[in-house]
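The block underneath contains the structure these notes are about, expressed in structure tokens.
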Amino acid sequence: MPESNRNLRMHDVVIIGAGPAGLSAALWCDELGLDALLLEQRQEIGGQLLSVHNAIENYPGLRASNGRELIERFAERIDNADFDLWTNVEIESVDLKARRISLRSGEQLRAISIIIASGVRPRELGIPGEKEFIGHGIIASATRDRALFAGKDVCVVGGGDAAAENALLLAEVCPTVTLVHRGKRLSARREFLERLQSNHCITLFKESHVTRILGNEEAEAVEILRKDALKPFQVAVRGVLVRIGVEPNTELFRDQLQLRESGHIVITSEQETSVPDVFAIGDVSNPLAPTISGATGAGATAAKVIASRLNSEMRR
Ligand SMILES: Cc1cc2nc3c(=O)[nH]c(=O)nc-3n(C[C@H](O)[C@H](O)[C@H](O)COP(=O)(O)OP(=O)(O)OC[C@H]3O[C@@H](n4cnc5c(N)ncnc54)[C@H](O)[C@@H]3O)c2cc1C
């Protein structure tokens, strides 16, 4: 499309986020004859699938050895679809009521409906050393980085399934795994808890916080503060993996629609938010079962609801 026309066009639907939910919504919009524009802030589509290093066995009809393989399968389908996809897009502001989107590049977009599919990101500890040691001791994923940390002492922070699973994977190759959890009890499933208890490489500190990651060029230790203790203590580790949950990507919309306490967007059974004609799909509105199939299903629902509303308005 010529640059000059980009500002003028009114879209049926603008979708924010090209993870599984946004991609599914865009494909369904195409199938239903809606004019859709899909905006993605990253250079690549796929969302969290880009950081899935395990095999995906639970998406019906497709098995993929990791997230990238599944993205490739999605991309094959998208190549044949008729919707606009803009990557590397920086949204400056969104006026949900007016359904107007301003991009950092200066472009203004308008839409009859907006679909928010902005997903979630891993929650950070927000402690000194966490950012500084990325690539120098911060472990992004046990599945991917295990070989790099084999033979080294490591620390895992968190108490849910993801933390437990990663600790168990690291314990297969690391001499010691220090597991630090702020709560009284781990929330991981029973199978993981039993395996953690019987694994002699894993030391668990409950009701404790990692307050600093220390080191020079590379991470060398974590500082741990136990509840009720006055002074922290240090444990020598060469790797730190953080799995303390996720945060929904809702900064752009936060004051304009109803959110749950967790920050997830409140939706109706039609995927509609508290603002009419603004929909939210996938993990950003699904704290209970954040899955690929849930995200793609929600994309289909939102597109179908929008198409049927537009059709009935045209018939009037
Ligand atoms: C390690 C790991 C393993 C997993 N394994 C499985 C599994 O085996 N099976 C399963 O079903 N699920 C699995 N999941 C969960 C699954 O990946 C998610 O449920 C799914 O990706 C959610 O899709 P989504 O489109 O809602 O959000 P996301 O995948 O989070 O995508 C959101 C997209 O929106 C973009 N975005 C955010 N803000 C903006 C903005 N302002 N402007 C433009 N774009 C924006 C992001 O860059 C991203 O591309 C796993 C997740 C992880 C992290």
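A few remarks follow.
- Candidates Thr301, Thr268, filtered to the one that is farther than 30 Å from Asn216 by Cα, exposed (fewer than 13 other Cβ atoms within 10 Å of the Cβ) and more than 17 Å from the chain's Cα centre (by Cα): Thr268
- Flag if Ala75 is among the small types (Gly, Ala, Ser) and either at pLDDT 95 or above or over 20 Å from Ser141 (Cβ atoms) (or both): yes
- Residue among Ser51, Ser24 that is of a type in the set (Ser, Thr, Tyr), crowded, with 18+ Cβ neighbours inside 10 Å and within 15 Å of the ligand (Cβ to nearest atom): Ser24
- The residues listed here are Ala289, Ala303; of these, the one that is assigned to a loop (DSSP other than H, G, I, E, B) and small (Gly, Ala, Ser) is Ala289.
- Being under 18 Å from Ala302 (Cα atoms), more than 7 Å from the ligand (Cβ to nearest atom) and of a type in the set (Asp, Glu) is a property that holds for Asp30.
- When we screen Ile112, Ile78, Ile101 for residues that are among the aliphatic types (A, V, I, L, M), more than 18 Å from Asp283 (Cβ to Cβ) and open to solvent by 50 Å² or more (accessible area, probe 1.4 Å), the only hit is Ile112.
- Among the numbered conditions (1) touching a residue at least 60 places away in the same chain (Cβ under 8 Å); (2) within 28 Å of Ala229 (Cβ to Cβ); (3) open to solvent by 70 Å² or more (accessible area, probe 1.4 Å); (4) within 22 Å of the chain's Cα centre (by Cα), the only one that Arg144 does not meet is (2).
- Identity of the residue in region 243-279, without any contact (Cβ under 8 Å) to a residue 60 or more places away in the chain and among the basic types (Lys, Arg), that ends up nearest to the ligand (Cβ to nearest atom): Arg254
- Residue among Val156, Val240, Val235 that is under 22 Å from the mean Cα position of the chain (by Cα), outside any loop (DSSP other than H, G, I, E, B), in contact (Cβ under 8 Å) with a residue 60 or more places away in the chain and more than 16 Å from the ligand (Cβ to nearest atom): Val240
- Take the conditions (1) within 11 Å of the ligand (Cβ to nearest atom); (2) modelled with pLDDT under 95; Glu3 misses just one of them, which is (1).
- Among all positions in region 59-67, there is no residue which is of a type in the set (S, T, N, Q) and either open to solvent by less than 30 Å² (accessible area, probe 1.4 Å) or over 20 Å from Ala295 (Cα atoms) (or both).
The values are calculated or read from the model by the stated rules, or taken from the named source; none is laboratory data. Bear in mind the structure is a predicted one, so any value in this text is a computation, not a measurement. Positions of Cβ are generated from backbone atoms using ideal geometry, with glycine treated the same way; all protein chains shown enter the neighbour counts. We work out accessible area using only protein heavy atoms, side chains counted, and drop any ligands, DNA or RNA first. Shrake-Rupley method; radii C 1.70, N 1.55, O 1.52, S 1.80 Å.
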